[in-house]
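Working notes for the structure below.
The values are calculated or read from the model by the stated rules, or taken from the named source; none is laboratory data. Keep in mind that this is a model prediction, so the values were computed, not measured. Here the Cβ positions follow ideal geometry from the backbone for every residue, glycine too, while neighbour counts run over all protein chains shown.
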Amino acid sequence: MIGFASILCSCNQSNTKVVTENTAKHINLLDTAKWFIGTWQSQSVDGVYTETWKLKNDSVYEGVSTVVVNQKDTVFYESITLEQKNQEVFYNVSVKDQNHGEPVSFKLVGFSDKQLVFENPTHDFPTKITYNRITEDSLVASISGKVEGKDKTEQFPMKKVK
């Protein structure tokens, strides 16, 4: 995902709810991400970035993220699950040839009807993944954390294509 053009996004986070055990008991947290379902895309000079999300069952969404250049060469591929386990939701990412083939999990730590925030403070980069729904057919995904001691954020604006 490195190399995509970044944009600045100003989002009102004052309505973001912190995930607590009490919150999770009263709602199905996975339902807060229903707007993920579909295919989201961004085009730049670096290629076409696509995320496709499908409902696997009532507790798991499956996603695939790719970067394709020259309309034929896949230069990046990751599989993702959004999974509710008991009263918690996890964003699990698997990238071939990284982390010994094991998924890296990020826990849902905040949400609203327009934002989902996942964190894993022990991961090298990113430590935080945020999805901001801008409109019904647009969102901005961002990854952030520290690289060599400096804050770094990459943003991926996407439009819904399916």
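Quick notes
- Residue check, residue 113 within 23 Å of residue 38 (Cα to Cα) and at pLDDT below 95: yes
- Pairing residues of the range 93-108 that are surrounded by 12 or more Cβ atoms within 10 Å (Cβ to Cβ) with residues that are part of a loop (DSSP other than H, G, I, E, B), at Cβ distances under 7 Å and at least 6 apart in sequence or on separate chains, gives 93/103; 94/103; 104/120; 104/123; 105/120; 106/120; 107/120; 108/19.
- Residue match in the range 35-54 (condition: part of a loop (DSSP other than H, G, I, E, B), closer than 15 Å to residue 158 by Cβ and of a type in the set (Val, Ile, Thr)): yes
- Criterion: surrounded by 13 or more Cβ atoms within 10 Å (Cβ to Cβ) and not in a strand (DSSP E or B) - qualifying residue of 126, 121: 126
- Note on the range 117-153: among residues that are among the charged types (D, E, K, R) and under 14 Å from residue 51 (Cβ atoms), the one that is nearest to the chain's Cα centre (by Cα) is 133.
- Within the range 73-89, residues that are loosely packed, with under 14 Cβ neighbours inside 10 Å sit with their Cβ atoms under 6 Å from residues that are assigned to a strand (DSSP E or B), at 6+ positions apart or across chains, in these pairs: 74/66; 74/68; 75/67; 75/69; 77/66.
- Odd one out for residue 62, checked against (1) under 20 Å from residue 135 (Cα atoms); (2) modelled with pLDDT of 90 or more: (1)
- Residues (small (Gly, Ala, Ser) and either on the phi > 0 side of the Ramachandran plot or outside any strand (DSSP E or B) (or both)) located in the range 98-118: 101
- Cross-chain or 6+ apart pairs with Cβ under 8 Å, the range 110-132 first and under 23 Å from residue 95 (Cα atoms) and touching a residue at least 24 places away in the same chain (Cβ under 8 Å), then of a type in the set (Ser, Thr, Tyr) and part of a loop (DSSP other than H, G, I, E, B): 117/16
- Of the criteria (1) modelled with pLDDT of 95 or more; (2) under 24 Å from residue 45 (Cβ atoms); (3) outside any strand (DSSP E or B), which one residue 132 fails: (3)
- Condition met for residue 82 (among the aliphatic types (A, V, I, L, M) and either modelled with pLDDT of 85 or more or part of a strand (DSSP E or B) (or both)): yes
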